[in-house]
Amino acid sequence: MVPAKHFRSYSVDRSPRPNLLEFIPMTTTYPRASTSRRNTPEPARPRSHWSATTALALTSTVAIVPIFALGAMATRIQPDLGLTRTDIGLAISAFYATAALGSPLAKRIAARLPPPAVLAVSAISAAAAAAVIATAHTFATLLAALVIAGFTNGLIQPVAGRVLIARVPVRRHSLVAGIVGSALGAAAFIPGVLVTYVVDPYGWRPAMAALSLLALTAACLAPLAGTNVLHGNNFPTPIAAPPRAVPETAVRRVLALWAAAAALSAIGSNAIAAYFIQIGHHTGLSTGLAGKLLSACAVAAIATRILLGVVTDRAPHRNAIVVACLMGAGACGLVLIATGGTIGFIVGAVLAFSIGSGWTALLVVTTLALVPGRAEQAGAVVQMGLFSGFAAGPFTYGALSATLGFDTAAALAAAAGLLATLLMLLGARHARPARA
């Protein structure tokens, strides 16, 4: 209300409108609009998340490609080094066991170092491992190289969670995670090509040397994963509101169930990837044809992960169910492989390897949604379960196939995959309050 002292005394008949300037305090000053941009800092331009995605995908691929190459070239490496099928499985299991057991330490290291440094160390370690294998003449040398490479490979998953949160918009989390997760398919594709075009004419040692050079190339691209965190309006779309909190006891229960499901499902999928050429040869395929089939299944695995990323970004609340369905598809593929026929192996390989192993990246995204703000914890928990299955799979499958045959080993792996599906569904049921 206007104070009475500001009004002048006028008659009722001739009262003009009050002068509005009289009511503006003359002591108040208003800042002028600055016409100079000298003192106005421009907002930082956000870095594209595709460069970080490229660095993560390449490093994730070269970090595990020596293991897939060892399994794909096993028929040539075994007679040269005097190894058995169980020795090859033990070496592959040692790689993943080191990554699984070193996950707690790897999580702490990954939280302290910048992502480019971690990725560069992992790629250089993989290059060194491939170079050592290319010149190895004893099993001890091969095993030592894989143990060291296994620990540095365990650094990638926690860093991937950090980069995903820092650089990638929420609406593309599943897509980017699928691209990074397609490293498993790419890591199988490269040895398949090498077996077909390098190993046959030149031998397995030059093929391993070529893998070493490829890993060094990925190390040069590690700086692309620098985490310039995007805030607020810099995101192409607004950040989704976090889900309603789940009690900590329920979170621990869900993480335990999902880690166990990852371990059980990974046993079969990784065993098929490691012994793909040998199983194909057992069913009547030639080594070259089995290598081409491995490359084709790897391309299908890459396409499956990317397609799943696009689809699940539209309905992220169903990720846990999608993961369970993929685990079930992998178990069905192993059942077909257990029949022992060529057609059963081809169809089963597509289900177990190309489709059934496509859940790895989706499980990471699903866990990140369950424990928002704790990317390293989510990545480490999933990684521990995943690498535990990867560690147990090759050695167990190799030992069982050597004593009971490939068919029986595949049937047992299928039973583990079905159990993994049930555990994943049970964990999704406990995680429902997070989506309420």
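List of remarks:
- Thr312 at pLDDT below 85, of a type in the set (Val, Ile, Thr) and under 18 Å from the mean Cα position of the chain (by Cα): yes
- Here is the figure for the stretch 251-277: residues that are farther than 16 Å from Ala91 by Cα, in contact with a helix residue (DSSP H, G or I) (Cβ under 6 Å, 6 or more places away or on another chain) and of a type in the set (Gly, Ala, Ser) total 9.
- Note on the stretch 306-315: residues that are outside any helix (DSSP H, G or I) and β-branched (Val, Ile, Thr) total 0.
- Check on Ala352, of a type in the set (A, V, I, L, M, F, W, C), at pLDDT 85 or above and within 24 Å of Ala94 (Cβ to Cβ): yes
- Test for Ala410: is it modelled with pLDDT of 90 or more, hydrophobic (A, V, I, L, M, F, W, C) and either more than 17 Å from Ala262 (Cβ to Cβ) or part of a helix (DSSP H, G or I) (or both): yes
- Note on the stretch 152-165: residues that are modelled with pLDDT of 75 or more and out of contact with any Phe, Trp or Tyr (no Cβ under 9 Å at 6 or more places or on another chain) amount to 8.
- Subset of the stretch 241-298 that is crowded, with 16+ Cβ neighbours inside 10 Å and hydroxyl-bearing (Ser, Thr, Tyr) - its residue that is modelled with the lowest pLDDT: Thr287
- Of the helices (runs of 4 or more DSSP H) lying entirely inside the stretch 39-149, the ones with 2 or more residues being modelled with pLDDT under 90 and over 28 Å from Val170 (Cα atoms) are found at 49-72, 74-81, 85-101.
- Cβ-Cβ distances below 9 Å connect the following pairs, each with a first residue in the stretch 280-305 that is assigned to a loop (DSSP other than H, G, I, E, B), a second residue that is surrounded by fewer than 18 Cβ atoms within 10 Å (Cβ to Cβ) and of a type in the set (S, T, N, Q), and a separation of six or more residues or different chains: Thr283/Thr342; Gly284/Thr342; Leu285/Thr342.
- Test: residue in the stretch 64-80 that is under 17 Å from the mean Cα position of the chain (by Cα), buried (at least 24 other Cβ atoms within 10 Å of the Cβ) and closer than 12 Å to Ile156 by Cα: yes
- Output for the stretch 157-207, where each listed residue is aromatic (Phe, Trp, Tyr) and over 14 Å from Ala72 (Cα atoms): Tyr202
The values are calculated or read from the model by the stated rules, or taken from the named source; none is laboratory data. Please read these numbers as outputs of a predicted model, since none were measured by experiment. Cβ sites come from the backbone with ideal geometry, for glycine too, and all protein chains shown count toward neighbours.
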